[in-house]
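The values are calculated or read from the model by the stated rules, or taken from the named source; none is laboratory data. Please read all numbers here as calculations on a predicted model, not as lab measurements. Every residue, glycine as well, gets a Cβ built from its backbone with ideal geometry; the counts of neighbours run over all protein chains shown.
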Amino acid sequence: MVRPYTMTRGRTKPPAEERLDLIALVIAEEFLLAHPGGAYAIADRTLSPEHLDIAYLARREPHSIAELAATLDLPVGVVRVLVGDLIDAGYVRISRPVPPAELPDAGILREVIDGLRAL
């Protein structure tokens, strides 16, 4: 078993300037991975196996920080730091869901639904 602080080299905050919420989606860039013979590889030899696991999962489909932590059985803080490393290296990007303040009002949506039902 590897201690979490060794995976992050003692860091507790991600190097990326972006705020990495639990629901932030991690999306791998297209050039990231090659699949020779079913295995995944990357040219950057400075990345740990955990970095590669995160990149591989994000390549298959976008995953939230919380999903990555649960899937890889790693603490959320460790995943945030590792994702921050991948962002800084340009291997992944973050997409955030629409903030609740920018969503349409529930009352307006009910009026639209009621109007559609009336048709």
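Restricting 105, 73 to those that are of a type outside the set (A, V, I, L, M, F, W, C) and under 16 Å from residue 50 (Cα atoms) reduces the list to 73.
Table: residues versus (1) hydrophobic (A, V, I, L, M, F, W, C); (2) surrounded by 17 or more Cβ atoms within 10 Å (Cβ to Cβ); (3) in contact with a Lys or Arg (Cβ under 8 Å, 6 or more places away or on another chain).
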{"site": "69", "(1), (2), (3)": "yes, yes, no"}
{"site": "83", "(1), (2), (3)": "yes, yes, no"}
{"site": "88", "(1), (2), (3)": "no, no, no"}
{"site": "93", "(1), (2), (3)": "no, no, no"}
{"site": "109", "(1), (2), (3)": "yes, no, no"}
{"site": "118", "(1), (2), (3)": "yes, no, no"}
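Being modelled with pLDDT of 85 or more and either over 14 Å from residue 24 (Cα atoms) or among the aromatic types (Phe, Trp, Tyr) (or both) is the requirement here; does residue 105 meet it? No; evaluated as a whole, the condition is false for this residue. When 12, 46, 6 are checked against the criterion of being in a helix (DSSP H, G or I) and either at negative phi or modelled with pLDDT of 65 or more (or both), 6 stands alone in meeting it.
For every residue, the table says whether it meets (1) at negative phi; (2) in contact with a Phe, Trp or Tyr (Cβ under 7 Å, 6 or more places away or on another chain); (3) in contact (Cβ under 8 Å) with a residue 40 or more places away in the chain.
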residue	(1), (2), (3)
56	yes, yes, no
76	yes, no, yes
79	yes, no, no
105	yes, no, no
118	yes, no, no
